[in-house]
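Heads up: the structure comes next, in structure tokens.
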Amino acid sequence: MNVFVEKCDAYQQEQVDHAVEKWTGLFQENIAPGNTVVLKPNWLAHSHKYNPDEWLSVITHPTVITAVLKLVLKALNGKGKVIITDAPQTDSTWVKIMGRMQPELWKELGRKAGIVVEVLDLREDEWINEGDVTVSRKKLPGDPLGSTECDLGQNSEFVGHSVSKKGYYGADYDKSETNRAHSNGHHKYRVSRTVVEADVFVNIPKMKTHKKAGITCSLKNLVGINTYKNYLPHHNEGTRDEGGDQFPGAKLKNKTELMLIEKFKSILHKYPESGKLFVPVKKLGKKLFGDTRETIRSGNWYGNDTLWRMVLDLNKVLMYSEPSGELRADALEKRKKYISVVDGIIAGEGNGPEAPDPIQCGALIAGTNPVAVDAMCAKLMGLDWHKIPSIKNAFDIQKYPLCDFTYDELVARSSVAAYNTMLDKISADDCFQFRPHFGWAGWLECNQKGVA
């Protein structure tokens, strides 16, 4: 299996176009005239969580999207449709994200090519947060085609996973909804019907470290195809001795915090209009239990045994689900056509995905398999792929597999001689040394020892 790497030192459109054009063949082989093609960037938020002026390390740069769009339009040859879409973080503002992007340029490029290009927010809800507390909510139009609900059932990576007595935590205060979606033999996901109906999916993620997943590149970027995110288990509630992966320890302080958090979220779920009253309570909690920028909680560490299962399940849904929610045949040749182009020109290290520090890598990575592409990204980041659960476990999937190769069979193709070799032969001296999220530090780096 081939994966492709090219150098690109800046977000100048001409430079990005030059690098991406080397992959014209990938697009011509996988996109046919008349296809509907979805482009899925990472539009998490309009800026770094704590630095409103920083965004280059947080979301996919518009010049990368433009370069990819040009190749898609060329492959469609005047026939077909393109949708550029994402479901950003629920407390993000679409207008501010679009202020960083080039939606009118993309639509104009489509008009000139005789192709309709749509730019679409997939979310059904948007929240307003103050001090990390949701204080108001509004409904959004969402996907104009609606949602596809896919129940993986016994084909889920959650099969055999022991949920704690406290259950999974999703994306909202209503924990019971998350657990109903993942109990009694069900493993349900509600995703964009536009995405599921598309003939080709083009993933355009940002290369970053991630507090719950280790890294976020191609595989993790699929959280953004969900129209409703509370079906997504993010961690298993409780301390380790309670069967959870919420905290790395089982200290009395952790248990006390967990008890108070449960009460806090239960009240907010029952009385959502009371959010503003809890903002000072949240501030007090940070003083007592530590700020999340410095304290491990919410499954933000290498022992999170929940998130990778959800990530791989979403990739199965993308690759194999029909618009009805039924699964295609369990065969690799039945998968949706797929391309990934990762923006690693300026990547993110440290406290990703919301608050990373920028790191200049000058790299673009591409391929037709998310596992292969993410393995290449991990290599370039100087991180151990064995310690990244979404990659390691992807190679072992038995039902609805995502790949039919081993890590040792991955071949990097590049105009840069150092990268034009077997993946496991690329020298560490030619890669970067990303600083992981602090919950993964000392574990994720290559040649580190640890016990999860």
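The values are calculated or read from the model by the stated rules, or taken from the named source; none is laboratory data. Worth saying up front: this structure is predicted, and the values here are computed from it rather than measured. Virtual Cβ from ideal backbone geometry, glycine too; neighbours counted across all protein chains shown. These accessible areas exclude ligands, DNA and RNA; they are computed on the full protein's heavy atoms, side chains included. Shrake-Rupley method; radii C 1.70, N 1.55, O 1.52, S 1.80 Å.
Relative to the longest principal Cα axis of the chain, at what angle does helix 252-270 sit, 0 to 90 degrees, rounded to 10? For 252-270 against the chain, the angle is about 80 degrees. Once both labels are positioned 7 Å from their Cα atoms along Cα-to-Cβ, the gap between Glu118 and Asp91 label points is 3.0 nm. For region 213-220, putting each phi into the Karplus relation 6.51 cos²θ - 1.76 cosθ + 1.60 with θ = phi - 60° gives couplings of 10, x, 9, 10, 9, 6, 4, 5 Hz, in residue order, rounded to whole numbers and with x for Gly and Pro. The length gained on full extension between Ala417 and Tyr11, counted as 0.36 nm times the residue separation minus their Cα-Cα distance, comes to 143.9 nm. Taking amide H atoms as placed 1.01 Å from N in the peptide plane, the amide H of Val3 lies under 5 Å from those of Val411, Ala412, Arg413, each 5 or more residues away in sequence or on another chain.
Once you order the gyration tensor axes a ≥ b ≥ c over the Cα atoms, which shape class does region 107-181 get: rounded for a/c under 1.5, otherwise prolate or oblate by comparing a/b with b/c? Oblate shape, in that a/c is at least 1.5 and b/c is the bigger or equal ratio.
Among residues other than Pro436 with Cβ under 11 Å from its Cβ, the summed charge is +1 (Lys and Arg +1, Asp and Glu -1).
Measuring only protein heavy atoms, the 1.4 Å probe finds Asp53 accessible over about 130 Å². The packing ranking of peptides 121-133, 220-232, highest mean first, is 220-232, 121-133, where packing means the average number of other beta carbon atoms within 10 angstrom of each residue. Counting only alpha carbon atoms, the long axis of helix 370-381 and the longest principal axis of the chain meet at about 80°. Taken along the Cα-to-beta-carbon direction at a fixed 7 Å, the label points for Ser136 and Glu197 span 3.3 nm. Based on the Stokes-Einstein relation at 4 °C and a viscosity of 1.567 mPa s, and on the Kirkwood radius from alpha carbon pairs, region 173-245 is assigned a translational diffusion coefficient of 90 µm²/s. Taking 0.36 nm per residue of separation and subtracting the current Cα-Cα distance, fully stretching the chain between Asp396 and His161 would add 83.1 nm.
Evaluate the Debye formula for the chain with equal point scatterers sitting on the alpha carbons, no solvent, and hand back log10 of I(q)/I(0) at q = 0.08, 0.09, 0.10, 0.11 Å⁻¹, in q order, two decimals. Values returned for q = 0.08, 0.09, 0.10, 0.11 Å⁻¹ are -0.42, -0.54, -0.68, -0.84. Arg100 contributes an accessible area of around 70 Å² to the protein surface, as traced by a 1.4 Å probe with all chains present. Modelled spin labels at His386 and Ala329, positioned 7 Å past Cα toward Cβ, are 3.8 nm from each other.
Sequentially through region 304-321, phi angles give Karplus couplings (6.51, -1.76, 1.60; θ = phi - 60°) of 5, 9, 10, 4, 4, 5, 5, 4, 5, 4, 4, 5, 5, 4, 4, 6, 10, 7 Hz, Gly and Pro residues having no value and appearing as x. For region 311-377 versus region 218-259, the spacing of their alpha-carbon centroids is 22 Å. Quote the FRET efficiency, to the nearest 0.05, computed for Gln360 versus Asp408 with a Förster distance R0 of 30 Å and r equal to the Cβ-Cβ distance. Working from the Cβ atoms, E equals 0.50. The DSSP beta bridges internal to region 65-174 are antiparallel in roughly 50% of cases. Residues whose amide H lies under 5 Å from that of Cys361, counting only those 5 or more places away or on a different chain, are Ile346, Ala347; hydrogens are built 1.01 Å from N in the peptide plane. Taking θ as phi - 60°, what are the ³J(HN,Hα) couplings along region 142-148 by the Karplus curve (6.51, -1.76, 1.60), each to the nearest whole Hz, with x for Gly and Pro? So the Karplus estimates, Gly and Pro as x, are x, 5, x, 8, x, 10, 10 Hz.
DSSP assigns beta bridges within the chain; of those with both partners inside it, close to 60 percent run antiparallel.
On full extension, the segment bounded by Met259 and Asp430 gains 56.8 nm, given 0.36 nm per residue less the C-alpha separation. Accessible surface calculations at 1.4 Å, restricted to protein heavy atoms, place the chain at 40 Å² per residue. Between Lys79 and Tyr50, what FRET efficiency comes out of the Förster formula 1/(1 + (r/R0)^6) with R0 = 41 Å and r the beta carbon distance, rounded to 0.05? Between Tyr50 and Lys79 the formula returns 0.35. Once the Cα atoms are used to define both axes, helix 62-76 deviates from the longest principal axis of the chain by about 50 degrees. Reported to the nearest whole Å, the Cα centre-to-centre distance from region 114-142 to region 390-452 is 34.
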